[in-house]
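Peer 1: Structure incoming, see below.
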Amino acid sequence: MFRRRTMLTVAVLAGLVVAAPVGRADPAAPTLPVFTPRPSAWTPDYTVFPYNLWQTRVTPQQVVAQRESCQWINAQYDQLMAGVHGFQRFLGDHDDDWSAVGVSEAGDVVAANLDQSAAFLDPRAHTLFIVNYPDQSEYSPLFHGDSIYRLWYQLTRISDKITRRVPSGQINANVATANVYGNVIRDSGVCAGA
């Protein structure tokens, strides 16, 4: 007969408390709330060159995709990345030992948050890119639409590396790149008022 363990492990990651049964087999649930976009009067910034020239190529779907992505960035990006940074430090403080108490469980929660966030951004990030004919290159006709796409991609890479239980240093390259795109988006003001 199988006996379920009731012992709990706890890890604190940048204000995020993770409690999970030892030996947990179920996938971790995200701790970030499911994000729901809302209507808004926000419009893209068409004042920056060359985006002012590409305005005629922008579809209503792309405007909605960027507005909703910006709303997510304004609401959850900082909290998500605080959890990622906290976990990365936590893993490093345990000498990258995924079997240390609480490490694996905390990683699962952070990966679940990343997966939930990436799933929200995925269709929107892909809507922001268009194919340029005749050379088939991809670009976004919206200011920092490409940065949203690249941020989405880095979130998927961070989750993948956490899921594969790689050392914190290997996760760092994608964390640093996600920070670059997140900061560029925030510093540009493109999401202000979304």
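Peer 1: Which residues, counting only those in segment 89-103, are surrounded by fewer than 21 Cβ atoms within 10 Å (Cβ to Cβ) and not β-branched (Val, Ile, Thr)?
Peer 2: Selection gives 89, 92, 93, 94, 95, 96, 97, 98, 99, 100, 102.
Peer 1: For segment 64-79, what are the residues that are crowded, with 22+ Cβ neighbours inside 10 Å and among the small types (Gly, Ala, Ser)?
Peer 2: Of everything in segment 64-79, those that are crowded, with 22+ Cβ neighbours inside 10 Å and among the small types (Gly, Ala, Ser) turn out to be 65, 69.
Peer 1: State all residues of segment 47-63 that are of a type outside the set (S, T, N, Q) and either farther than 23 Å from residue 36 by Cβ or touching a residue at least 40 places away in the same chain (Cβ under 8 Å) (or both); if no residue qualifies, say none.
Peer 2: If we filter segment 47-63 for residues that are of a type outside the set (S, T, N, Q), which is where we start, we get 48-51, 53-54, 57-58, 60, 63.
Scanning segment 47-63 gives 48, 49, 50, 51, 53, 54, 57, 58, 63.
Peer 1: In this structure, does residue 29 turn out to be modelled with pLDDT under 85, under 27 Å from residue 78 (Cα atoms) and surrounded by 10 or more Cβ atoms within 10 Å (Cβ to Cβ)? Break it down into steps so the answer makes sense when it comes.
Peer 2: On the way: modelled with pLDDT under 85: no; under 27 Å from residue 78 (Cα atoms): yes; surrounded by 10 or more Cβ atoms within 10 Å (Cβ to Cβ): yes.
Here the answer is no, as residue 29 does not meet what is asked.
Peer 1: Turning to a different aspect of this structure: Does residue 154 satisfy the criteria of being surrounded by fewer than 18 Cβ atoms within 10 Å (Cβ to Cβ), without any contact (Cβ under 8 Å) to a residue 60 or more places away in the chain and part of a helix (DSSP H, G or I)? Quick ask: steps written out before the conclusion?
Peer 2: Values: surrounded by fewer than 18 Cβ atoms within 10 Å (Cβ to Cβ): no; without any contact (Cβ under 8 Å) to a residue 60 or more places away in the chain: yes; part of a helix (DSSP H, G or I): yes.
In short, no.
Peer 1: Take the conditions under 25 Å from residue 30 (Cα atoms), within 22 Å of the chain's Cα centre (by Cα) and in contact (Cβ under 8 Å) with a residue 12 or more places away in the chain and apply them to residue 101. Does it pass? Break it down into steps so the answer makes sense when it comes.
Peer 2: Values: under 25 Å from residue 30 (Cα atoms): yes; within 22 Å of the chain's Cα centre (by Cα): no; in contact (Cβ under 8 Å) with a residue 12 or more places away in the chain: yes.
So residue 101 does not fit the description; no.
Peer 1: Suppose we keep only residues that are acidic (Asp, Glu) and either surrounded by 23 or more Cβ atoms within 10 Å (Cβ to Cβ) or more than 19 Å from residue 45 (Cβ to Cβ) (or both) within segment 104-147. Which one would you say is farthest from the chain's Cα centre (by Cα)? If you could, list the steps in order and put the result at the bottom.
Peer 2: Here is the first cut: in segment 104-147, the ones acidic (Asp, Glu) are 105, 108, 115, 122, 135, 138, 146.
Restricting the remaining residues to those that are either surrounded by 23 or more Cβ atoms within 10 Å (Cβ to Cβ) or more than 19 Å from residue 45 (Cβ to Cβ) (or both) gives 105, 108, 115, 122, 135, 138.
Working: 105: 19, 108: 15, 115: 8, 122: 10, 135: 30, 138: 21 Å.
This residue is 135.
Peer 1: I want to confirm something. Restricting to segment 133-183 and keeping residues that are touching a helix residue (DSSP H, G or I) at 6+ places or on another chain (Cβ under 7 Å) and among the β-branched types (Val, Ile, Thr), which single residue is farthest from residue 73 (Cα to Cα)?
Peer 2: 163
Peer 1: When you go through (1) surrounded by fewer than 15 Cβ atoms within 10 Å (Cβ to Cβ); (2) farther than 30 Å from residue 145 by Cβ; (3) modelled with pLDDT under 95 one by one for residue 43, which number turns out not to apply?
Peer 2: In the conditions (1) surrounded by fewer than 15 Cβ atoms within 10 Å (Cβ to Cβ); (2) farther than 30 Å from residue 145 by Cβ; (3) modelled with pLDDT under 95, residue 43 misses (2) alone.
Peer 1: Going by the conditions given, is residue 100 within 22 Å of residue 33 (Cβ to Cβ) and of a type in the set (A, V, I, L, M)?
Peer 2: no
Peer 1: Say whether the condition of being over 23 Å from residue 104 (Cα atoms) and surrounded by fewer than 19 Cβ atoms within 10 Å (Cβ to Cβ) is met by at least one residue in segment 161-177.
Peer 2: From segment 161-177, those over 23 Å from residue 104 (Cα atoms) are 177; that's our starting set.
Still in the running and surrounded by fewer than 19 Cβ atoms within 10 Å (Cβ to Cβ): 177.
Scanning segment 161-177 turns up at least one residue that is over 23 Å from residue 104 (Cα atoms) and surrounded by fewer than 19 Cβ atoms within 10 Å (Cβ to Cβ).
Peer 1: Can you tell me which residue in segment 121-139 is nearest to residue 57 (Cα to Cα), limited to those that are touching a residue at least 24 places away in the same chain (Cβ under 8 Å) and in contact with a Phe, Trp or Tyr (Cβ under 9 Å, 6 or more places away or on another chain)? Outline the logic, then answer.
Peer 2: Of the residues in segment 121-139, the ones touching a residue at least 24 places away in the same chain (Cβ under 8 Å) are 121-125, 127-128, 130.
Subsequent filtering for residues that are in contact with a Phe, Trp or Tyr (Cβ under 9 Å, 6 or more places away or on another chain) retains 121-122, 124-125, 128, 130.
Values: 121: 21, 122: 21, 124: 17, 125: 16, 128: 11, 130: 9 Å.
Result: 130.
The values are calculated or read from the model by the stated rules, or taken from the named source; none is laboratory data. All of these numbers come straight from a predicted model, not from anything done at the bench. Ideal geometry is used to build each Cβ from the backbone, glycine not excepted, and the neighbour counts take in all protein chains shown.
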